[in-house]
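Peer 1: Sharing a structure with you now.
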Amino acid sequence: MKKDEIIIDGLYRIKKKDLKRCAQVAAKAFLDDASSKFLLSANLTYKSLFNYYFVIYNAAFKKMYMFAESENINGFIIIAPLKNSNLSVWDCIRAGALKIIFSQGLGIVFRSLEYEKNCNKAREGIASADSWYIFQFGVLPDKQGMKIGSKTIKPVLDWFDSKNISCYLETQKAVNVNIYTHLGFLLKLKGTLPDKKMSQFAMFRSFRQQ
């Protein structure tokens with residue numbers, strides 16, 4: 001559980017009532033993402049991805065911190081201390097995952113566990129125990145290029161810097177590497193998803209002294 005709430009200047013703190021909106025944004029933003037293709041495989045559709053993320057966000061809401069650029073939630077970000085960033089199968093079941101399992105089959109569980117194991121392995125030797133994890137960061141496709149992403153992530157990075165916190169993330173898109181590099185991240189590892197076909201980039205950002 002989260003020990004307390006945090007406030008980040010310039011950002012809207014997502015409430016439980018907003019989780020459906022977040023899932024809508026994510027299902028549109030990540031429909032062509034490599035991670036979505038791996039996790040949902042042949043069952044990938046907007047609806048199946050929405051249902052998947054709605055469960056994930058309900059589970060994450062109890063453990064992580066979720067922010068958006070405004071109450072409109074055209075972009076959002078989920079962060080957590082690295083030590084508190086994993087979602088267990090039980091976390092997800094309590095958040096409603098049984099419906100997903102019944103509709104998608106047990107394969108979704110095994111692929112999710114493989115994916116998380118792969119991410120954890122990538123972090124080893126890169127992120128320190130006191131680092132924070134950017135669990136997810138996304139912007140509606142039709143709002144990209146309108147500085148929604150910058151308005152969402154930059155206040156978080158400023159907050160990290162004010163607290164002397166380093167952070168870590170993964171991305172599956174090579175184009176994002178340059179974007180994150182511009183924000184102070186360093187590419188630490190180029191690997192693959194568990195299928196050994198789709199790329200995954202591990203990036204780390206040390207805090208900047210104020």
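Peer 1: Pick from I126, I108, I100: which is under 25 Å from R205 (Cα atoms), β-branched (V, I, T), surrounded by 14 or more Cβ atoms within 10 Å (Cβ to Cβ) and in contact (Cβ under 8 Å) with a residue 40 or more places away in the chain?
Peer 2: Answer to the check: I126.
Peer 1: I'd like the full set of residues that are of a type in the set (A, V, I, L, M, F, W, C) and free of Cβ contacts under 8 Å to residues at least 40 places away in the same chain, limited to the range 76-97. So that I can check it myself, show each step before the final result.
Peer 2: Step one: filter the range 76-97 for residues of a type in the set (A, V, I, L, M, F, W, C), giving 76-80, 82, 87, 89-90, 92-93, 95, 97.
Hits for the range 76-97 are L87, V89, W90, C92, I93.
Peer 1: How about the range 140-175: which of its residues are at positive phi and charged (D, E, K, R)?
Peer 2: Within the range 140-175, K147 is the sole residue that qualifies.
Peer 1: Here's another thing I want to ask about it. When you scan the range 1-38, how many residues do you find that are of a type outside the set (A, V, I, L, M), closer than 21 Å to G149 by Cβ and in contact (Cβ under 8 Å) with a residue 24 or more places away in the chain?
Peer 2: Residues in the range 1-38 being of a type outside the set (A, V, I, L, M), closer than 21 Å to G149 by Cβ and in contact (Cβ under 8 Å) with a residue 24 or more places away in the chain: 12 in total.
Peer 1: Return the residue satisfying two criteria in turn: it lies in the range 1-38 and is charged (D, E, K, R) and assigned to a helix (DSSP H, G or I), and of such residues it is surrounded by the fewest Cβ atoms within 10 Å (Cβ to Cβ). Before the answer, list the steps.
Peer 2: Restricting attention to the range 1-38, the residues satisfying the condition of being charged (D, E, K, R) are 2-5, 9, 13, 15-18, 20-21, 28, 32-33, 37.
Going one step further and asking which of them are assigned to a helix (DSSP H, G or I), we end up with 16-18, 20-21, 28, 37.
On the way: K16: 11, K17: 7, D18: 19, K20: 14, R21: 17, K28: 18, K37: 18.
By that ranking, first place goes to K17.
Peer 1: Let me ask another. Residues in the range 67-79: is at least one over 21 Å from G149 (Cα atoms), buried (at least 21 other Cβ atoms within 10 Å of the Cβ) and of a type outside the set (F, W, Y)?
Peer 2: The answer is no, given that none of the residues of the range 67-79 is over 21 Å from G149 (Cα atoms), buried (at least 21 other Cβ atoms within 10 Å of the Cβ) and of a type outside the set (F, W, Y).
Peer 1: Does at least one position in the range 39-61 carry a residue that is within 20 Å of I148 (Cα to Cα) and either surrounded by fewer than 20 Cβ atoms within 10 Å (Cβ to Cβ) or at pLDDT 95 or above (or both)?
Peer 2: Keep residues of the range 39-61 that are within 20 Å of I148 (Cα to Cα), which gives none.
The answer is no; no qualifying residue exists.
Peer 1: Could you tell me whether A42 is out of contact with any helix residue (DSSP H, G or I) (no Cβ under 8 Å at 6 or more places or on another chain), over 19 Å from V156 (Cβ atoms), assigned to a helix (DSSP H, G or I) and not charged (D, E, K, R)?
Peer 2: It is true that A42 is out of contact with any helix residue (DSSP H, G or I) (no Cβ under 8 Å at 6 or more places or on another chain), over 19 Å from V156 (Cβ atoms), assigned to a helix (DSSP H, G or I) and not charged (D, E, K, R).
Peer 1: Name the residues in the range 140-157 that are of a type outside the set (K, R) and closer than 18 Å to M203 by Cβ, would you?
Peer 2: Across the range 140-157, the qualifying residues are G149, S150, T152, I153, V156, L157.
Peer 1: Same structure, new question: So which residues in the range 139-165 are surrounded by fewer than 17 Cβ atoms within 10 Å (Cβ to Cβ) and polar (S, T, N, Q)?
Peer 2: Selection gives Q144, S150, S162, N164.
Peer 1: Can you give me the number of residues within the range 160-175 that are out of contact with any Leu (no Cβ under 9 Å at 6 or more places or on another chain) and closer than 17 Å to Y65 by Cβ?
Peer 2: Total satisfying the criteria: 7.
Peer 1: Kindly indicate whether any position in the range 15-34 is farther than 21 Å from E170 by Cα and among the aliphatic types (A, V, I, L, M).
Peer 2: There is at least one residue in the range 15-34 that is farther than 21 Å from E170 by Cα and among the aliphatic types (A, V, I, L, M).
The values are calculated or read from the model by the stated rules, or taken from the named source; none is laboratory data. The model shown is predicted, which means the values in this text are computed figures rather than measured ones. In this analysis, Cβ positions are derived from the backbone assuming ideal geometry, glycine residues included, and neighbour counts consider all displayed protein chains.
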